[in-house]
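The values are calculated or read from the model by the stated rules, or taken from the named source; none is laboratory data. What you see is a predicted model; the values in this text were computed from it and never measured. Virtual Cβ from ideal backbone geometry, glycine too; neighbours counted across all protein chains shown.
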């Protein structure tokens, strides 16, 4: 560089980035939360703004369908964005993503950090399809670097359709409210026959065993669910068992082979 050594260049502070309508911008400005705007009850201009929102929502569905129509066999993986790389669940998610990819199965996550990033990284490093369904939030940019097929959504419900429509199995690792939302929505849609009885794996017995005990001992005992509603749930701490169970309905999925 002319007259100035690169190491002496002043370091500019990083400007905050915000995400609006699928576009990341630097500098000041307010990030919008379109899901929140849609659900506001005090919006006096809803009669003029909501009809236009329908077109944006339609666009999200069209873009998602076009991007994923040739995806092939896939498993959706849910879990916490707060899981750190030194957490055993991070390594487990990485190994699950890698094992699925080696079997020719695409990995679908929410595209964020934590468990999602680990699973995407495992799939991407194994040469597989690493799908990220990002969501536009005011406090984070949700698309990790290990996603090799990514779609950014503004509305949660459009994103959820893609998780369920293109997966033949589901794996849930420990997580918070978002993970439980995805888990129980999947269970509800399977219970009501809205989606087929695809297998659902709960990975991490130390986290999920108490939840299963409550489902059996409280919900089932009081008659709020039927015994058959829990038949398609597998609880495990084994990566190979989790992958085998999640792939049970994928007929072309080859068996796990030892390296």
Is it the case that some residue within the range 123-131 is touching a strand residue (DSSP E or B) at 6+ places or on another chain (Cβ under 6 Å), assigned to a loop (DSSP other than H, G, I, E, B) and either more than 17 Å from residue 183 (Cα to Cα) or free of Cβ contacts under 8 Å to residues at least 12 places away in the same chain (or both)? yes
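Scan 123, 119 and give me the residue that is at pLDDT 90 or above, surrounded by 24 or more Cβ atoms within 10 Å (Cβ to Cβ) and under 12 Å from the mean Cα position of the chain (by Cα). Even if it seems obvious, please write down each step before you answer.
Working: 123 fails: under 12 Å from the mean Cα position of the chain (by Cα).
Going through 123, 119 in turn, just one is at pLDDT 90 or above, surrounded by 24 or more Cβ atoms within 10 Å (Cβ to Cβ) and under 12 Å from the mean Cα position of the chain (by Cα): 119.
Condition check ((1) under 20 Å from residue 178 (Cβ atoms); (2) at pLDDT below 75) across all residues:
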site: 18; (1), (2): no, yes
site: 22; (1), (2): no, yes
site: 25; (1), (2): no, yes
site: 57; (1), (2): no, no
site: 72; (1), (2): no, no
site: 75; (1), (2): yes, no
site: 84; (1), (2): yes, no
site: 90; (1), (2): yes, no
site: 100; (1), (2): no, no
Complete set of residues in the range 195-251 that are touching a residue at least 60 places away in the same chain (Cβ under 8 Å) and surrounded by fewer than 13 Cβ atoms within 10 Å (Cβ to Cβ): none
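Please go through the range 79-91 and pick out each residue that is in contact (Cβ under 8 Å) with a residue 40 or more places away in the chain and in a loop (DSSP other than H, G, I, E, B).
The initial filter retains those residues of the range 79-91 that are in contact (Cβ under 8 Å) with a residue 40 or more places away in the chain, namely 79-83, 89.
Those that are in contact (Cβ under 8 Å) with a residue 40 or more places away in the chain and in a loop (DSSP other than H, G, I, E, B): 79, 80, 81, 82, 83.
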Could you check residue 94 against (1) at pLDDT 95 or above; (2) outside any helix (DSSP H, G or I); (3) under 16 Å from residue 82 (Cα atoms) and say which number it fails? (2)
For residue 191, the lone unmet condition from (1) touching a helix residue (DSSP H, G or I) at 6+ places or on another chain (Cβ under 9 Å); (2) under 25 Å from residue 112 (Cα atoms); (3) surrounded by 15 or more Cβ atoms within 10 Å (Cβ to Cβ) is (2)
So how many residues does the range 172-181 have that are closer than 16 Å to residue 111 by Cβ and surrounded by 22 or more Cβ atoms within 10 Å (Cβ to Cβ)? 2
So for the range 157-164 (the condition being in a helix (DSSP H, G or I), in contact (Cβ under 8 Å) with a residue 40 or more places away in the chain and touching a helix residue (DSSP H, G or I) at 6+ places or on another chain (Cβ under 6 Å)), does at least one residue qualify? yes
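Considering only the range 105-117, I want to know if a residue exists there that is outside any helix (DSSP H, G or I), out of contact with any strand residue (DSSP E or B) (no Cβ under 9 Å at 6 or more places or on another chain) and closer than 23 Å to residue 180 by Cα. Give the steps one after another, and end with the answer.
Taking the range 105-117 and keeping what is outside any helix (DSSP H, G or I), we get 105-114.
Of the ones still in play, those that are also out of contact with any strand residue (DSSP E or B) (no Cβ under 9 Å at 6 or more places or on another chain) are 114.
Subsequent filtering for residues that are closer than 23 Å to residue 180 by Cα retains 114.
Taking every residue of the range 105-117 in turn, at least one turns out to be outside any helix (DSSP H, G or I), out of contact with any strand residue (DSSP E or B) (no Cβ under 9 Å at 6 or more places or on another chain) and closer than 23 Å to residue 180 by Cα.
Just to check your reading of the model, which residue among 64, 104 is under 22 Å from residue 165 (Cα atoms), out of contact with any helix residue (DSSP H, G or I) (no Cβ under 9 Å at 6 or more places or on another chain) and touching a residue at least 12 places away in the same chain (Cβ under 8 Å)?
Working: 64 fails: out of contact with any helix residue (DSSP H, G or I) (no Cβ under 9 Å at 6 or more places or on another chain).
Answer to the check: 104.
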